[in-house]
Amino acid sequence: MRSDTPLFGIVIFFALIYTLPINAQQETYCNPINIDYTYMIYNAHRDLSYRSGADPAVVEFKDEYYMFVTRSMGYWHSTDLTEWDFITPKKWYFQGSNAPAAFNFKDSVLYVAGNPSGSMSVLYSTEPQNGQWAATPSILHELQDPALFIDDNGQGYMYWGSSNKFPIRAKKLNRTKRFRPSEEIHKLFNLQPEKHGWERFGENHSDTILGGYIEGPWMTKYKNKYYLQYAAPGTEFNVYGDGAYVGDSPLGPFNYMANNPFSYKPGGFINGAGHGSTVQGPNNQYWHFASMAVNVNIGWERRVGIFPTFFDDDGLLYSNTRFGDYPHYAPSVPDKKEYFRGWMLLSYKKPIRTSSHVPGYDPKNMVDENIKTFWLAQENNEGQWIEIDLERPGLVHAIQVNYNDYKSGMYGKIPGLYHQYTIKASLDGKNWEILVDRSSNTKDVPNDYTELRTPKKVRLVRYKNIHVPTPHLSISGLRIFGRGSGKLPKSVKGLSVIRKSDRRDAQISWIPSKNAQGYNVLWGIAPDKLYSSWMVYDDHSLELKSLNVNQNYYFAIEAFNENGISNKSKIITVE
């Protein structure tokens, strides 16, 4: 079905290149991160084809970084936590590692564990960039979602857990004797959903029958405190997040962190911030890598996100997920006062037309800020295009193209995949210039994000397909970031938070702000600790079901549109 013809017909243009080369250093990134995600094989017997990247274990080793991701048939290497190159190791798990563990021991050796069977040797390497690995001559048994930690004194520990019944557990390991485990199993902690609302199962924590899963442990040592992180309640849900318990020793006793979940992103274009790892990056800044849900072909279809992460003066660990899928300064950029770049979404629900579409997979799905909806072209060829009318001129700084897998029929780590396209822009529909030129690209870029070298004031933006590696051309989000020239929304009035008789829940409402595109609901355990946020589009209420029973909270709200962000509302207290 042909949607329409181009607004202004065929035009002649001069190709002025305003984008950074695809391998050049960008000063910003945008979640989900753009890596060559592997096609999964563990549902191949059902002919379910989809890319996925989840459960990222990211570690620094000799001033560079390595990222190990579930079932990826290898791992990624980076010098800056932004640009990643895939490494195919010479020896590895044939089915790919599952929920892998990784640990850098004093920059002398890098350890990894993650056999999908649950029985595994600890692998080790002094040259991970070259894909050289060996295995310790012993096997650890009955491990799911392992997490390896070696303290400064050389004592090793293995944590594990992925269950809606059993707790996070641990054993001591003798590093100098083939990681021989102790006989004693330490049962550390389990979910307490009757106290911690965010640990309840289901989308928006709404399942009243099934129990949540506790999984994905990760240990971070900071100022002689041990932060044992864990994920809940389920990887496929918008509310998948990470919490932490804190102790004075690797085996506890541990205390529940009052601001849990510390990594939580239930709203926006792509949801979820759970089963992650915390790593110290460039300029000694901490970052939390986590799983984000796509959940179109299957619940385990996921991507990787990265969030700036901090320890406050009271020792609370928290990740900043506010505007968590908008452009942020890259980890390598020094001296940042604010990690969010301030570029707003210019394309939200703007008029869009395409060369064609399959009924039921409309073009509007690319501008609705929902990665679970998508456009599907009738054909996959160079004749396919997309055109977005921003309705008024805006200053474009960056563009993200999120491709979708529709009946792709592809499995495993496939070499030679690549995407090619161009994006042109115009103020008047007559004079066009190139914003993004991927016509000669040879890389696989399923969530391609481009920061423009020079921002451009435009109204019309047109994507032209050249090549995608999949049988079908399908896109879930064509997202255009920058700043509009209109007025900011006014500060939100009438914020109301009513805590229910079930103290895990609160009903939040507010008076809609004129010209607002959406809102960030902010909350925390003190007026200066509003660490949690939920992005809400096209609504003026929210049911929040992630509170801890024995905790008082503070709430505020801000409105935003393509022109910027309002001042925050007055903070209110909820006991």
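The values are calculated or read from the model by the stated rules, or taken from the named source; none is laboratory data. This one's a predicted model, so the numbers in the text were calculated from it and none came from an experiment. So basically every Cβ, Gly included, is an ideal-geometry build from the backbone, and we count neighbours across all protein chains shown. Surface areas here come from the heavy atoms of the whole protein model, side chains and all, with no ligands, DNA or RNA. Shrake-Rupley method; radii C 1.70, N 1.55, O 1.52, S 1.80 Å.
Here is how the numbers come out for the structure above:
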item: Under the Karplus curve 6.51 cos²θ - 1.76 cosθ + 1.60, θ = phi - 60°, whole-Hz ³J(HN,Hα) for segment 312-328, x wherever Gly or Pro sits; result: 7, 5, 9, x, 7, 8, 8, 10, 8, 9, 4, 6, x, 10, 9, x, 10
item: Positive-end residue of Ile466, Gly409, Pro455, charge dipole of segment 392-480 with Cβ unit charges; result: Pro455
item: In sequence order, calculated HN-Hα J values of segment 61-72 (Karplus, 6.51, -1.76, 1.60; Hz; x Gly/Pro); result: 8, 6, 6, 10, 10, 10, 10, 10, 10, 3, 6, 9
item: Farthest toward positive dipole pole in the chain [+1 Lys/Arg, -1 Asp/Glu at C-beta], among Phe307, Pro253, Tyr39; result: Phe307
item: Where a label projected 7 Å from the Cα of Leu251 along Cα→Cβ would reach, residues of segment 110-152 with amide N under 15 Å; result: 149-151
item: Under 12 Å, Cβ to Cβ, from Asn104 - net charge with Lys/Arg +1 and Asp/Glu -1; result: -2
item: Accessible area (Å², per residue) of segment 127-276, counting only protein heavy atoms and a probe of 1.4 Å; result: 40
item: Contact order relative to length of segment 205-262, as percent, for alpha carbon pairs under 8 angstrom and 6 or more apart; result: 25
item: Surface share of carbon and sulfur [accessible, 1.4 angstrom probe, percent] for segment 236-327; result: 42
item: Cα gyration tensor shape for segment 84-167, rounded if a/c is under 1.5, else prolate or oblate; result: oblate
item: Net charge dipole size for segment 320-446 [Lys, Arg +1 and Asp, Glu -1 on Cβ; Debye, nearest 20]; result: 280
item: For segment 191-283: rounded, prolate or oblate by the Cα gyration tensor [a/c cutoff 1.5]; result: oblate
item: Label point distance in nm, Glu194-Ile139, each placed 7 Å from Cα along Cα→Cβ; result: 4.0
item: Relative packing of 217-226, 263-272, 456-465, which averages over residues the other C-beta atoms within 10 Å, highest first; result: 263-272, 456-465, 217-226
item: Residue-normalised accessible area of segment 291-383, given per residue in Å² at a 1.4 Å probe; result: 36
item: Lys, Arg +1 and Asp, Glu -1 on Cβ, resulting dipole of the chain about Cα centre, debye, nearest 20; result: 400
item: Lysines with Cα under 23 Å of Lys493, excluding same-chain neighbours fewer than 8 positions away; result: Lys514, Lys529, Lys545, Lys568, Lys570
item: Zero-based 10 Å bins, Cα pair distances in the chain, whole percents; result: 3, 18, 28, 26, 17, 6, 1, 0
